[in-house]
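K.L.:
Let me give you the structure first, and then I'll get to my questions.
The values are calculated or read from the model by the stated rules, or taken from the named source; none is laboratory data. Predicted, not measured: the structure shown is a model, and the values here were computed from it. Here the Cβ positions follow ideal geometry from the backbone for every residue, glycine too, while neighbour counts run over all protein chains shown. With ligands, DNA and RNA removed, areas are computed over all heavy atoms of the protein, side chains included. Shrake-Rupley method; radii C 1.70, N 1.55, O 1.52, S 1.80 Å.
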Amino acid sequence: MKKSILFMFALAAVLAGCDKPEKQDEKPVNVLKNTDYTGTLTVNASSGAFDTESVKVSFNTTEKADSATITLFQVKFSPRMPVSLDVTVPGISVAKTEKGAILICDSIVPLAMGGEYPNYKVKGFEGEIIDDELTFSLKFGTTPTSYQGKAL
């Protein structure tokens, strides 16, 4: 009887010392990696709102992931605009949060067609990345513009 009681205590001590496997929750998404998105660009021109579906946006961070560049591919800012442009917004500040990242840029000159476009200076850029979604709003010159997309 004594042996079985000792055996039970020894078994309990061994089992208590074993590590329980941790639950494997979903890994958090690395929101600060270079990612392409597709979504809707909305331009609120004086003639009214203009939506463009399936706009590809590329998000690229610096090595330190403290700033980023966003490139909008083949966009028009008016239904009457004769050509589509690739527009790059450099120098966006990135701050990591618990849920993702906050994107901010007060004022920067955008790039398109190989040069700067100071007449369409980006003002008030505010955005965020949460999981696989990128959203932002800004003004190109005086034209309010926003984007909402999902990672490809």
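K.L.:
List the strands (runs of 3 or more DSSP E) that sit entirely inside the stretch 99-152 and contain at least 2 residues that are open to solvent by less than 70 Å² (accessible area, probe 1.4 Å), modelled with pLDDT of 95 or more and of a type in the set (A, V, I, L, M). Steps first, please.
P.N.:
Working: elements: 100-108, 122-130, 133-140, 143-151.
The strands (runs of 3 or more DSSP E) meeting that bar are 100-108, 122-130, 133-140.
K.L.:
With the requirement that a residue be touching a strand residue (DSSP E or B) at 6+ places or on another chain (Cβ under 9 Å), more than 15 Å from Ser146 (Cα to Cα) and of a type in the set (D, E, K, R), what does the stretch 29-63 give you?
P.N.:
Within the stretch 29-63, Lys33, Asp36 meet the criteria.
K.L.:
For residues in the stretch 9-67 being of a type in the set (Lys, Arg) and modelled with pLDDT under 90, which is surrounded by the most Cβ atoms within 10 Å (Cβ to Cβ)? Let's see the steps before the verdict.
P.N.:
Of the residues in the stretch 9-67, the ones of a type in the set (Lys, Arg) are 20, 23, 27, 33, 56, 64.
When the remaining residues are screened for being modelled with pLDDT under 90, the result is 20, 23, 27, 33, 64.
Numbers: Lys20: 5, Lys23: 5, Lys27: 6, Lys33: 12, Lys64: 8.
This residue is Lys33.
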